[in-house]
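I have placed the structure first, in the form of structure tokens, so that the comments after it can refer back to it.
The values are calculated or read from the model by the stated rules, or taken from the named source; none is laboratory data. Worth saying up front: this structure is predicted, and the values here are computed from it rather than measured. Heads up, the Cβs are rebuilt from the backbone with ideal geometry, glycines too, and the neighbour counts pull from every protein chain shown. We work out accessible area using only protein heavy atoms, side chains counted, and drop any ligands, DNA or RNA first. Shrake-Rupley method; radii C 1.70, N 1.55, O 1.52, S 1.80 Å.
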Amino acid sequence: MLERTLVIVKPDGVRRGLVGEVLRRLERAGLRIVGLKMLHLSRPLAESLYAQHRGKEFFEPLIEFMTSGPIVAICIEGDNAVSRVRALIGPTNPAEAPKGTIRGDFGSNIRENVVHAADSLQHAQREIALLFREEELIS
């Protein structure tokens, strides 16, 4: 099933010069980039992006981290894109992520794990709409 999902290269990934590597791995997996932009998340936008975590102890540090520097938002399209991207990036905790995954190869800790990716098609659609206008995406 053709799906779209969202990948974000987090501030640590941008600072470390890993944007190209993330894009390369996504494209090498046969996924298509249909939207790409660099931006600095505002606090309200970061809070909207991570709204499902509001009230959890890690919410405030996560918002501070995600607004600490530029990010790169990537809209990805492909068959079963959500699950394929999740497999490419690996588990949230880099210590549990296999080598060969983005987080396993480059992640430092649970927060500074290089990338964010939507964990469901529903979340992907909501997150894409937060970061991209429809006219910014190619068809």
| message | Explain nothing, just the number: relative contact order of the chain, from Cα pairs under 8 Å at least 6 residues apart, as a whole percent. | response | 37
| request: Place the peptides 88-98, 106-116 in order of packing, highest mean first, counting for every residue the other Cβ atoms within 10 Å and averaging per peptide. | output: 106-116, 88-98
| Dmax and Rg, reported as Rg then Dmax, of the chain (C-alpha, Å) | 13.8, 39
| task | Can you work out the accessible area per residue across the chain, with the rest of the protein chains kept in place, probe 1.4 Å, in square angstrom? | result | 49
| request: Count charges around residue 128 for me, please; just the other residues with Cβ under 11 Å from its Cβ, Lys/Arg as +1, Asp/Glu as -1. | output: -2
| Are there trypsin sites (Lys or Arg not before Pro) in the range 1-67 that DSSP marks as loop and that have at most 13 other Cβ atoms within 10 Å, and which are they? | 54, 56
| request: Calculate one ³J(HN,Hα) per residue across the range 39-47 by plugging θ = phi - 60° into the Karplus curve 6.51 cos²θ - 1.76 cosθ + 1.60, and present them in order as whole Hz with x for glycine and proline. | output: 7, 9, 5, 6, 4, x, 5, 4, 5
